[in-house]
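Here is the structure we will look at, set down as C-alpha cells.
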Amino acid sequence: MRKAFPTYDEQGWGVALQLDREGANVFGQLTEAHVGKRFAIVLDGRVQSAPVIREPIYGGHASITGDFTEEEVRNLASVLENPLQTPVTVEEERSVSATLGSDSIRSGIYAGLVGLALSFLFIVIYYRFAGFVASIALILNLVLLFGAMAMFNFVLTLPGIAGIILTIGMAVDANVLIYERLREELASGKPLNVALNAAYDRAFSAIFDSNVTTLITALILFWKATGPVKGFAVTLTIGIVASMFSALLVTRNCFNWAIASGVLKRVTMSNLIKATNFDFLSKRRLSVGISALVILVSVVVFAVRGEKNFGIDFKGGDLLVLEGRKKVDEGDVRAVLKQIDLEESVVQTEKSSGKEFLTIRSAPGTSDRIEKLLDEKFPEAKFRVERHRAFRVCVCSGRNHCLVA
C-alpha cells in the first residue's frame, strides 16, 4: 500500500486507499473471490474494521465508506498505513519542563494557603464557636477531597486547583446559609437545640439545590470535556459531595455533641449588618431591567471584541526557541514578559542532545518584540534563535462500513 487518507464527500467521511502495482493485483484477485464478504483490517491482533466487499477492486484505488466520524476515519487511515511496518529512527529527543515553573507553583501555593487562612480567620471572628466548627468541617472537606483523588489516582491540574477553590467557596456558602438561619431562629426566642435543628432543616433545600445544579454541570463537563477541563470537573464533583457531607452532617454532629456534653450552652455571632426593612420586591422590575441591560451589554462587548476574547490556548500564536550561552531562569523571563503585557505566554525549558533551549509560546506577532527585549535584559545570555514559527491549536471533532472502488 502506498498510502491511506481520510476523504469527505456527499456520502460523508471515508478512507481512500492507494496501492502499488503488485498490491493492486493481489487486492483485485482477493476482492473478486470474496465479493459480498467482509474484509477484516487487523492491527495488534484486534479487528479495527470489517467492511463488506461490494465489488472486485482493480486499479489500485479503493475507498471505505460508511457511518464514520472524522476521528474514526483518521484512526482507520493510520491503522491501514500501519507505521509498525516502517522502520523508526529517532531524529530528535527533547525533555520539556513543566508549563508552570517552580516560581508560579510556589506563588500559587502561597496564595492558596493565605486565602484559606484568611477564610478561616474571618469565619471564626464573625461566627465565633460556630465558625470554629465550620473550619473543622472545611479541613475535613479538603482531607476527603485529596484522599479521594489519591485513592482513584487522579492527577492535579491547574483547572483542578480552580475546582478545589470553588469547592471551598461552596462549602463556606453552605455554612453561612445554616448559620444565618440559626441566627433568625435564635432571634425568634427558640431554645438552642430546637433552633439548631430548624436551621439545618430549613437551610437544607437551598444548599441541596445549589450543590446539585453545580454537580450536574460538573458531570456534563466530565462527560463531554477532555484534558485539563476534565480535571476541573473531577475535583469539583468530589468536592461537592465532600462539602455537603461536611456541612450537613459533620457540623451538625459537632453541635449536637457540644450541646449534649454541656460545652455549648448558647451561640453568639457578630452582626456587622443590622436588620433592615427594605422592600426589595417593590423594586423587582427595576432590578430585572438593570440585570437584563448588564447581560445585553456584556454580550455586545463580547461580540465586538471577537478574537480578543480568546487567549493563546485557543487561537495559537508564535513559537520562539532560543539557545543561550548562559542559563536564564524561567521566572525571570516571565517577569520581563509581564512588563510588555505578555504574562500569559508559556515559558519552558527544553533539553536536547546536551543542549538547553528556552521555549516561549506567545500571542501572534510578538516573537520579535520578545527576542529584542530578552537581548536587552539578558545580554550575558547571548541568545541565538534556534527556531521561530507560528503555531496553531487544532481541535478535532469527535458501524457499518463498505469497501468499494
| Those residues of segment 124-162 which are closer than 14 Å to residue 267 by Cα and assigned to a helix (DSSP H, G or I), in sequence order | 124, 125, 126, 127, 129, 130, 131, 132, 133, 134
| query | Looking at residue 230, is it among the basic types (Lys, Arg), farther than 30 Å from residue 150 by Cα and either outside the structural domain of residue 209 (by TED's automatic domain parsing) or under 25 Å from the mean Cα position of the chain (by Cα) (or both)? | reply | no
| said: Please verify whether residue 375 is touching a Phe, Trp or Tyr at 6+ places or on another chain (Cβ under 9 Å) and of a type outside the set (Val, Ile, Thr), treating the condition exactly as stated. | reply: yes
| note | Filtering segment 229-247 for residues that are surrounded by fewer than 20 Cβ atoms within 10 Å (Cβ to Cβ) and of a type in the set (A, V, I, L, M, F, W, C) leaves a count of 3
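Given the criteria assigned by TED's automatic domain parsing to the domain that holds residue 381, part of a helix (DSSP H, G or I) and not aromatic (Phe, Trp, Tyr), does residue 306 qualify?
Working: assigned by TED's automatic domain parsing to the domain that holds residue 381: no; part of a helix (DSSP H, G or I): yes; not aromatic (Phe, Trp, Tyr): yes.
So residue 306 does not fit the description; no.
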| query | Mind checking which residues of segment 201-217 are more than 11 Å from residue 170 (Cβ to Cβ) and surrounded by 20 or more Cβ atoms within 10 Å (Cβ to Cβ)? | reply | 203
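Could you identify the single residue in 284, 305, 266, 252 that is at pLDDT 90 or above and over 30 Å from residue 95 (Cβ atoms)? Spell out how you get there, then give the answer.
Values: 284 fails: at pLDDT 90 or above; 305 fails: at pLDDT 90 or above; 266 fails: at pLDDT 90 or above.
Only one candidate passes the filter, namely 252.
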| field | Residue count, segment 290-321 (criterion: more than 30 Å from residue 358 (Cβ to Cβ) and surrounded by 11 or more Cβ atoms within 10 Å (Cβ to Cβ)) | value | 2
| Cross-chain or 6+ apart pairs with Cβ under 9 Å, segment 353-371 first and on the phi > 0 side of the Ramachandran plot, then modelled with pLDDT under 85 and surrounded by 14 or more Cβ atoms within 10 Å (Cβ to Cβ) | 365/317; 365/318
| query | Considering only residues of segment 12-23 that are surrounded by 14 or more Cβ atoms within 10 Å (Cβ to Cβ) and not aliphatic (A, V, I, L, M), which is farthest from residue 72 (Cα to Cα)? | reply | 23
| Scanning for something surrounded by 18 or more Cβ atoms within 10 Å (Cβ to Cβ), out of contact with any Pro (no Cβ under 9 Å at 6 or more places or on another chain) and of a type in the set (A, V, I, L, M), does segment 27-48 turn up at least one residue? | no
| task | Would you confirm whether any residue within segment 338-346 is modelled with pLDDT under 80, loosely packed, with under 14 Cβ neighbours inside 10 Å and part of a loop (DSSP other than H, G, I, E, B)? | result | yes
| query | Counting just the residues of segment 127-145 that are surrounded by fewer than 16 Cβ atoms within 10 Å (Cβ to Cβ) and of a type outside the set (Val, Ile, Thr), which one comes out nearest to residue 245 (Cα to Cα)? | reply | 132
| query | Taking segment 162-195 on its own, how many of its residues are within 19 Å of residue 111 (Cα to Cα) and among the polar types (S, T, N, Q)? | reply | 1
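The values are calculated or read from the model by the stated rules, or taken from the named source; none is laboratory data. These numbers come from a predicted model, not from an experiment. For neighbour counting, all protein chains shown are included, and Cβ atoms are generated from backbone atoms with ideal geometry for every residue, glycine included.
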